[in-house]
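Below is one structure, written out as C-alpha cells; comments come after it.
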Amino acid sequence: MGSTVDRWSHYSKGNKMISRIETFRLDHGRLPDTLEEIGMGDPDLDIFYKKIRDDQYEVWFGVSLDISEVYDSRTRKWEEHY
C-alpha cells in the first residue's frame with residue numbers, strides 16, 4: 001500500500017471524509033459520532049475516523065505496517081506517524 005498512487009488515492013478519500021465531517025459539523029453543531037452519520041459507514045473502508053473530543057477528531061490510513069498518515073483537525077494538516 002505504500003506506493004505513491006495508493007497514497008494519493010487514500011489522501012483523496014480522506015479529504016472527502018474530512019469535507020463531509022466538516023459539513024456535518026456546520027449543519028449539526030457537533031462532530032459525528034460515527035461514519036454512518038456522514039454516509040461513509042462501509043466496513044471495508046480503509047480510511048478511519050476517531051472523534052477525540054467534542055471539538056477534535058483524527059482521520060488516518062495505513063501506509064505500511066508501522067506508518068500511518070494522520071489528519072489532525074486541530075492543525076488541519078496530514079502528518080506521517082510512526
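Computed from the coordinates by the stated procedures, all read-outs in this text should not be read as laboratory data. Remember, it's a predicted structure, so these values are computed and weren't measured experimentally. Counting neighbours? That spans all protein chains shown, and the Cβs are built from the backbone with ideal geometry, glycine included.
Brief remarks on what is shown
- The set of residues in the range 22-37 that are surrounded by 13 or more Cβ atoms within 10 Å (Cβ to Cβ) and within 13 Å of the chain's Cα centre (by Cα) comprises Glu22, Leu31, Pro32, Leu35.
Per-residue answers, yes or no, for (1) of a type in the set (A, V, I, L, M); (2) touching a strand residue (DSSP E or B) at 6+ places or on another chain (Cβ under 6 Å); (3) free of Cβ contacts under 8 Å to residues at least 40 places away in the same chain:
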position: Arg7; (1), (2), (3): no, no, no
position: His10; (1), (2), (3): no, yes, no
position: Lys13; (1), (2), (3): no, no, no
position: Thr34; (1), (2), (3): no, no, yes
position: Ile47; (1), (2), (3): yes, yes, yes
position: Asp66; (1), (2), (3): no, no, yes
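- Within the range 68-82, considering residues that are part of a strand (DSSP E or B) and without any contact (Cβ under 8 Å) to a residue 24 or more places away in the chain, the one farthest from Ser19 (Cα to Cα): His81
- Check on Ser64, within 24 Å of His28 (Cα to Cα) and either more than 9 Å from the chain's Cα centre (by Cα) or β-branched (Val, Ile, Thr) (or both): no
- Selection count, the range 52-67, where residues are in contact with a helix residue (DSSP H, G or I) (Cβ under 8 Å, 6 or more places away or on another chain) and farther than 20 Å from Ser19 by Cβ: 1
- Taken as a whole, the range 39-53 holds at least one residue that is assigned to a strand (DSSP E or B) and farther than 20 Å from Glu80 by Cβ.
- Among residues of the range 38-56, those that are over 17 Å from His10 (Cβ atoms) and surrounded by 12 or more Cβ atoms within 10 Å (Cβ to Cβ), counted: 4
- For Tyr11: the one exception among (1) loosely packed, with under 13 Cβ neighbours inside 10 Å; (2) among the hydroxyl-bearing types (Ser, Thr, Tyr); (3) in a helix (DSSP H, G or I): (1)
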